[in-house]
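Heads up: the structure comes next, in structure tokens.
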Amino acid sequence: MTAVTARPAGFWRDLATVAGRALRAVLRAPEEVIPAIVTPLFFFAVFTGALDGIAAFAGVDDVGAFQLPVAIVTAVTGVSRASTLVTDIQSGYLDRLLVSPVNRLALLLGLMVADLAVVVALTVPVLALGFLVGVDVATGPLGVLAFVVLGALWGLAYTGLPYTIALRTGSPAAVNASFLVFFPFAFLTTTFVPADALSGWLATVATYNPVTYLLAGLRALVLEGWVTADLLGALAAIAGLGAVSFLLALSALRARVRRT
């Protein structure tokens with residue numbers, strides 16, 4: 001009697017399958033992404049209202065345009081299917097996948113592909129609110145597209161961190177707390193005022209904060225135009241974060257595979 005063995009479907013087929021499953025889970029439970037929509041909209045409204053009267057003293061002429069990149073970065077950072085991955089770990093589903101012929105790398109990258117689709121969708125309501133309050137993008141429709149791409153790539157680069165925590169700990173509490181890692185990045189930077197208005201230790205920290213360069217690139221698209229240095233700085237910040245977070249996530253995946 002001939003033994004029946006499973007055959008690998010191939011990397012791309014596995015990638016599409018994992019990404020499709022993750023996206024269907026988002027559609028079945030849209031309430032999981034509602035905080036990622038409401039929070040940046042809330043902060044955008046609060047910050048623009050609170051800073052409108054004093055922004056001119058810091059050299060900010062259009063508070064809405066200045067704060068729109070902050071809202072986008074808040075919307076896309078930390079959005080991942082890491083909590084779903086923890087559920088798969090705790091239920092034993094991930095272990096069953098790991099003993100199958102499925103491509104190991106596709107298990108992680110498929111989730112990230114789904115995350116990329118979600119973060120792109122999350123930029124829409126934030127941009128809509130910005131346009132509603134009168135924000136004009138200096139670079140036009142192509143700049144809006146570049147704005148969305150930069151924000152989405154940042155969101156994708158950050159996802160390696162919650163996936164690392166999920167794979168290392170298998171703890172939903174630890175994954176939920178992973179967004180706290182972003183807090184120092186979010187506020188020890190040019191969130192409220194331009195870089196030249198910062199001083200002392202905050203100016204020093206902001207210089208080494210990748211969010212500073214991301215915000216500079218996004219603000220250039222909205223306020224100034226195609227400023228090459230700012231855009232390259234934003235891409236470098238994304239690449240640096242992505243390199244670190246993806247290496248950590250892949251290392252955690254390898255460790256999880258070895259334990260199976």
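Dipole of the stretch 11-259, Cα-centred, from +1 at each Lys and Arg C-beta and -1 at each Asp and Glu C-beta, to the nearest 20 debye?
Values: 13 positive and 13 negative charges, 295 e Å.
In total the dipole reaches around 1420 debye.
Any idea which of 225, 113, 199 is furthest toward the positive side of the dipole for the chain, if Lys and Arg beta-carbons carry +1 and Asp and Glu beta-carbons -1?
The residue sitting farthest along the positive end of the dipole is 113.
Going toward the positive end of the dipole of the chain, with +1 on Lys and Arg Cβ and -1 on Asp and Glu Cβ, which of 131, 68, 149 do you reach last?
Projecting each Cα onto the dipole axis, the largest value belongs to 149.
Dimensions of the stretch 129-260 along principal axes (Cα, Å, largest first)?
That gives 52, 37, 28 Å along the principal axes, largest extent first.
List 62, 136, 14 from most exposed to least, where exposure is judged by having the fewest other Cβ atoms within 10 Å. Let's see the in-between values first.
Values: 62 15, 136 12, 14 22.
By the 10 Å Cβ count, ascending: 136, 62, 14.
Using the number of other C-beta atoms within 10 angstrom as an exposure proxy, rank 224, 32 with the fewest first.
If I rank by nearby Cβ atoms, fewest first, I get 224, 32.
If you place +1 on the Cβ of every Lys and Arg, -1 on the Cβ of every Asp and Glu, and leave all else neutral, what size is the dipole of the stretch 68-198 about its Cα centre, to the nearest 20 Debye? Provide the component values of the computation, followed by the final result.
Values: 4 positive and 5 negative charges, 72 e Å.
That gives the stretch 68-198 a dipole magnitude of about 340 debye.
Suppose we keep just the alpha-carbon trace of the stretch 166-228; what are its Rg and Dmax in angstrom?
15.3, 45
Just add up the charged neighbours of residue 29: K/R +1, D/E -1, any other residue whose Cβ is under 14 Å from the Cβ of residue 29. Numbers along the way, then the final one.
Details: positive: 21, 24, 28, 81; negative: 31, 32.
Around residue 29, the charge tally is +2.
Rounded to the nearest 500, what is the 222 nm mean residue ellipticity of the chain from helices alone, with -39500 (n - 2.57) per DSSP H run of 4+ residues and division by all residues?
On the way: 13 runs with 185 residues, N = 260.
After summing the helix terms and dividing by residue count, I get -23000 deg cm²/dmol.
Note down the relative contact order for the chain as a percent, whole number, built from C-alpha pairs under 8 angstrom at least six residues apart.
Working: 336 pairs, mean separation 63.8, N = 260.
RCO, the chain: 25 percent.
Whats the longest run of the chain with zero chymotrypsin sites (Phe, Trp or Tyr not before Pro) that are DSSP loop and have at most 14 other Cβ atoms within 10 Å?
Details: sites that count: 208, 226.
That would be 1-207.
What does the convex hull of the alpha-carbon atoms of the chain project to on average, in nm²?
Values: hull surface 62.8 nm².
For the Cα atoms of the chain, the hull's average projected area reads 15.7 nm².
Specify the residue with the greatest mean-square fluctuation among 75, 25, 166, computed from a Gaussian network of the chain linking alpha-carbon atoms under 10 Å apart.
The residue that fluctuates most here is 25.
Quick note: the coordinates plus some simple rules give every number you see, no bench work behind them. Note that this is a predicted model, so its numbers are computed, not measured. Glycine gets a Cβ as well: all are built from the backbone with ideal geometry, and neighbour counts include every protein chain shown.
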